[in-house]
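Below: the structure, in structure tokens.
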Amino acid sequence: MTENTLRSVSVERTSTGHFTATNPRGGTIGFGTGSDPGDTDFTPVELLLAALGGCTAVDVDVATSRHAEPTGFAVTVTGDKISDELGNRMTDLVVTFSVAFPDGEPGDRARAILPRAVKSSHDRLCTVSRTVEIGTPVTARTADA
């Protein structure tokens, strides 16, 4: 992979069951197991769902907000976590958009392209959903500490 295509994050353990992911720009997000009562940290599965929704949301926002600023923009991502002969995994992933635009011609244009923007993101633009749908091998290895 070249420097132009490589994407990365680093993950460090901060305490038992809690971690921080850091991107090359210095942004961080905490996450954990979600097993402690009152623990509000995202779990890795919830981060996957957020990545699916967020990736498509960015694409759709860019396409529609050229025409009108939305008055409401929410994305819900759901799926079933199962364990079977293939191991633990998510099935039946669904990304649902609820987007509203103001009355008038610009809002009408944005509303008209919304379904096409969602479809285009899903079918070819969103790297996250395309990777999940197509399937990409993951290599897990250890390095000297």
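Would you mind stating whether Thr127 is among the polar types (S, T, N, Q), touching a residue at least 24 places away in the same chain (Cβ under 8 Å), in contact with a strand residue (DSSP E or B) (Cβ under 6 Å, 6 or more places away or on another chain) and open to solvent by 50 Å² or more (accessible area, probe 1.4 Å)? If you could, list the steps in order and put the result at the bottom.
Working: among the polar types (S, T, N, Q): yes; touching a residue at least 24 places away in the same chain (Cβ under 8 Å): yes; in contact with a strand residue (DSSP E or B) (Cβ under 6 Å, 6 or more places away or on another chain): no; open to solvent by 50 Å² or more (accessible area, probe 1.4 Å): yes.
Criteria not met by Thr127.
Would it be correct to say that Thr20 is open to solvent by 50 Å² or more (accessible area, probe 1.4 Å) and either of a type in the set (Ser, Thr, Tyr) or within 19 Å of Val128 (Cα to Cα) (or both)? Lay out the reasoning, then the answer.
Values: open to solvent by 50 Å² or more (accessible area, probe 1.4 Å): no; either of a type in the set (Ser, Thr, Tyr) or within 19 Å of Val128 (Cα to Cα) (or both): yes.
So Thr20 does not fit the description; no.
Looking only at residues that are β-branched (Val, Ile, Thr) and open to solvent by 30 Å² or more (accessible area, probe 1.4 Å) in the range 44-63, which one is nearest to Phe97 (Cα to Cα)?
Checked the range 44-63; the qualifying residue nearest to Phe97 (Cα to Cα) is Val58.
Look through the range 7-17, keep the residues that are open to solvent by less than 100 Å² (accessible area, probe 1.4 Å) and at pLDDT below 95, and return whichever of them is farthest from the chain's Cα centre (by Cα).
Ser15
Go through (1) open to solvent by less than 80 Å² (accessible area, probe 1.4 Å); (2) at positive phi one by one and return the number of the condition Asp92 breaks.
Asp92 satisfies every listed condition except (1).
Would you mind stating whether Ala68 is touching a residue at least 40 places away in the same chain (Cβ under 8 Å), at negative phi and outside any strand (DSSP E or B)?
It is true that Ala68 is touching a residue at least 40 places away in the same chain (Cβ under 8 Å), at negative phi and outside any strand (DSSP E or B).
Count, please, the residues in the range 71-89 that happen to be open to solvent by 40 Å² or more (accessible area, probe 1.4 Å), over 25 Å from Asp123 (Cβ atoms) and outside any loop (DSSP other than H, G, I, E, B).
Going through the range 71-89 one residue at a time, the tally reaches 5.
If you scan the range 1-46, which residues turn out to be charged (D, E, K, R) and part of a loop (DSSP other than H, G, I, E, B)?
Glu3, Arg7, Arg25, Asp36, Asp39, Asp41
The values are calculated or read from the model by the stated rules, or taken from the named source; none is laboratory data. Because the structure is predicted, anything quoted here is derived from the model rather than measured. Because the Cβ atoms are built from the backbone with ideal geometry, glycine has one as well, and the counts that use them run over all protein chains shown. The accessibility values were calculated without ligands, DNA or RNA, using every heavy atom of the protein model including side chains. Shrake-Rupley method; radii C 1.70, N 1.55, O 1.52, S 1.80 Å.
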